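The values are calculated or read from the model by the stated rules, or taken from the named source; none is laboratory data. This one's a predicted model, so the numbers in the text were calculated from it and none came from an experiment. As a convention, Cβ positions derive from the backbone with ideal geometry for all residues, glycine included, and neighbour counts pool all protein chains shown.
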Amino acid sequence: MTSTISQDAAPGAIPAGSYYERHIFFCLNQRSNGENCCADHGAQEGFDRCKSQVKAAGLSGPGKVRVNKAGCLDRCAAGPVAVVYPEAVWYTYVDASDIDEIVESHLKNGQIVERLLIPAHMGR
Ligand code: FES
């Protein structure tokens, strides 16, 4: 299920002051003390898949999409997690098809993938 993102700017317009239209950050945090962390739940694979799919779709680069690594985003209980800005939409994912849907629906077409949203109350 998807919904349209409402923004004041015209569809496809780069937000004022932004070098990229959208930025997605993947938590790749690894903990060695046995505590829960995104690296133990396929975060690297999700990041790698997103990076390659964004590039293959011609979405990468200035004015388009940037895929970045991040440390702990403090929502570990929902991991693995990724967040898309400027909309500040938080996702979790399980496999490559989830990543592909985020790329196609949100990063390319501006449609939030509601089934992958992290519940608002989930934190660390
Ligand atoms: S370890 Fe990924 S959000 Fe904390």
Only one of (1) within 9 Å of the ligand (Cβ to nearest atom); (2) of a type in the set (Val, Ile, Thr); (3) modelled with pLDDT under 95 is not met by Ile14, so which one is it?
(1)
So, of the residues in segment 78-104 that are away from the ligand (no atom under 16 Å from the Cβ) and farther than 21 Å from Gly42 by Cα, which turns out to be surrounded by the fewest Cβ atoms within 10 Å (Cβ to Cβ)?
Glu87
Which of the residues spanning segment 23-42 are surrounded by 14 or more Cβ atoms within 10 Å (Cβ to Cβ) and of a type in the set (Asp, Glu)?
Asp40
Give the residues of segment 39-59 that are touching a helix residue (DSSP H, G or I) at 6+ places or on another chain (Cβ under 7 Å) and outside any loop (DSSP other than H, G, I, E, B), sorted by residue number.
Gly46, Arg49, Cys50, Gln53, Val54
Report yes if Gly34 is at positive phi, more than 11 Å from the ligand (Cβ to nearest atom) and at pLDDT 95 or above, otherwise no.
no
Output the residues belonging to segment 43-66 that are within 16 Å of the ligand (Cβ to nearest atom) and surrounded by 19 or more Cβ atoms within 10 Å (Cβ to Cβ).
Ala43, Gly46, Phe47, Cys50
Away from the ligand (no atom under 16 Å from the Cβ), part of a strand (DSSP E or B) and surrounded by 18 or more Cβ atoms within 10 Å (Cβ to Cβ), is that true of Ile112?
yes
